[in-house]
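The values are calculated or read from the model by the stated rules, or taken from the named source; none is laboratory data. This one's a predicted model, so the numbers in the text were calculated from it and none came from an experiment. Here the Cβ positions follow ideal geometry from the backbone for every residue, glycine too, while neighbour counts run over all protein chains shown. Heads up: the accessible areas ignore ligands, DNA and RNA and are worked out on the full protein's heavy atoms, side chains in. Shrake-Rupley method; radii C 1.70, N 1.55, O 1.52, S 1.80 Å.
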Amino acid sequence: MRYITCLFALIISISVFTIHAQNDVYTTSKHTKFSLLTCGPGEELYTRFGHTALRLHDDSVNIDVVFNYGLFDFNTPNFYLKFMNGELDYLLGYGSYGRFIASYTRENREVREAEIILSDNEKEVLWRLLSINLQPENRAYRYDFFFDNCATRVRDLLFKVKNIPLPYQPTGVTYRQLLHEKNTSNSWSAQGIDLLLGANTDSIASVSGRAFLPDYLEALCKENGLITTPKIVVNPIIEDEENIVNIPNLLFTLLILLTVLFTIYESKQKQLNKWFDITLLIPFILLSLLFMYMWFISSHLICKWNWNLLWASPILIILLISILKEIPAKRIMIQLALVDATLVAFIMLSIFAIEYFSNIAYLSAATLAIRVNYRLYYTYNLTFRKK
């Protein structure tokens, strides 16, 4: 993993630069060059959106290092719980430029470099700000995928040094649409991201806001005259992409088809199999619990106001218990009607584009609607039309 590699390099590297940084000896000069490094996506989900780093190069004192705002410590107490809750601190660190490039070469990921256009005074200011950020009390920051990450940290730093206000004109593109540009819709990861991210993700990104993605940060810096034309440092070998079947859509389409066929069979047999409904409800209930956790417990702002909770409703939990206990028909009919109401509300929000919903959401809602309404119809007939 790239982050582990960089963190390992940070810990073990002892160089002339380390001594300079710790003793605040290094002073910028005409030989000092700062560059913006923009890294392409990798195969792993956490690398899918690219990466941004800063390079400091000074041949006169044999310094060539990369500043990286994308580090984290696996030894952090309760690491996975903090990650889940959105309470994990990321770190600024630095390491050898050679190791940095070697790691991206191994991963077959593109790296572009553009020199940052700075006056001698601005070089000194940027170096001082980086030195301050490298202090133990300042290295950590609370990571936020859209608003405080490796790219936005560099964006804010460069615009501050250049004394240029950030442009906040709306782009007409939502944060979710920006994510879609970097993630194929065929993948489970893309579908999972759409399910977990709430309505806030569908807000319009500003010109500077979309620079949470490294490619857009590079474009923003170029448009504002902060950098020279980027040059490719690592040119990956591009493999032909195969036509990948949309497995998530296919599986959920098969699920709804199975549900329709089984429901038709039950209707002809005039029976109701509770174990089919129990098996069907369990995965949707697990999703409901996950959505509620991410909305109400975690600190991830982009996971709040997630209206997928309308089809993966908490009412399903009560319904499952009722089916298991075989409670009186009139009571279970009320629960079924409530689930129906939440499904209607889900469709209404979709019509008015309150939130973008994935194909999995629609297929899941349709599957639930078939079973809920058949069970409602069967229970009604059994209760009120026995004779």
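Some observations on this one:
- Per residue accessible area of the chain, 1.4 Å probe, in Å²: 52
- Within region 184-210: backbone nitrogen closer than 12 Å to the L254 label point (7 Å, Cα to C-beta): none
- Top of P170, P214, P328 by mean-square fluctuation, Gaussian network on the chain, Cα under 10 Å: P328
- Of the residues E43, E218, E87, E181, the one with the largest accessible area comes first in the ranking E43, E181, E87, E218, computed with a 1.4 Å probe on protein heavy atoms.
- Amide H contacts under 5 Å for A205: T171, G172, V173, T174, Y175, restricted to partners 5 or more places along the chain or on a different chain, H placed in the peptide plane at 1.01 Å from N.
- Computed E for F79/E137 - FRET, C-beta separation, R0 22 angstrom, nearest 0.05: 0.55
- Database remark: amide H of G95 closer than 5 angstrom to the amide H of V66 (H placed geometrically; neighbours at sequence offset of 5 or more, or on other chains; Pro and chain starts carry no H).
- Karplus 3J(HN,Hα) series, Hz, for region 135-149 with 6.51 cos²θ - 1.76 cosθ + 1.60 (x for Gly, Pro): 4, x, 6, 10, 5, 8, 8, 7, 5, 9, 4, 8, 10, 7, 9
- Calculated from backbone phi, Karplus (6.51, -1.76, 1.60) coupling profile of region 347-357 in Hz, x at Gly/Pro: 5, 5, 5, 5, 4, 8, 6, 5, 8, 7, 10
- Rounded if a/c under 1.5, otherwise prolate or oblate - region 233-292, Cα gyration tensor axes: oblate
- Over the chain: helical MRE at 222 nm, DSSP H runs n ≥ 4 each giving -39500 (n - 2.57), nearest 500: -16000 deg cm²/dmol
- Share of carbon and sulfur in the accessible heavy-atom surface of the chain [1.4 Å probe, %]: 61
- Of [x] 29.2; [y] 22.9; [z] 24.6, the label for mean projected area of the Cα convex hull in nm² derived from the coordinates: [y]
- Angle in degrees between helix 97-106 and the longest Cα principal axis of the chain, rounded to the nearest 10: 40
- Largest GNM mean-square fluctuation among N308, N249, N138, using the chain with Cα springs under 10 Å: N138.
- Interchain or long-range residues, amide H under 5 Å from G42's placed H: T47, R48, F49, G50
- In order through region 219-235: 3J(HN,Hα) via Karplus (6.51 cos²θ - 1.76 cosθ + 1.60), integer Hz, x for Gly, Pro: 5, 4, 5, 5, 5, 9, x, 8, 9, 7, 5, x, 10, 7, 9, 10, 9
- Nearby aspartates and glutamates by direct alpha-carbon distance to K325 (threshold 20 angstrom, same-chain neighbours under 8 apart not counted): D277
- Look at the Cα gyration tensor of region 93-225: its axes a ≥ b ≥ c give a/c of at least 1.5 with a/b over b/c, and that counts as prolate.
- Contact order, relative form, for the chain: 16 percent (alpha carbon pairs under 8 Å, 6 or more residues apart, mean separation divided by residue count).
- Principal-axis tilt of helix 2-12 within the chain, Cα atoms, nearest 10 degrees: 40
- Eigenvalues of the alpha-carbon gyration tensor of region 172-247, scaled by 5 and square-rooted, set the equivalent ellipsoid semi-axes at 26, 22, 7 angstrom, largest first.
- Between T229, T279, T201, the GNM of the chain built on Cα springs shorter than 10 angstrom shows T279 fluctuating the most.
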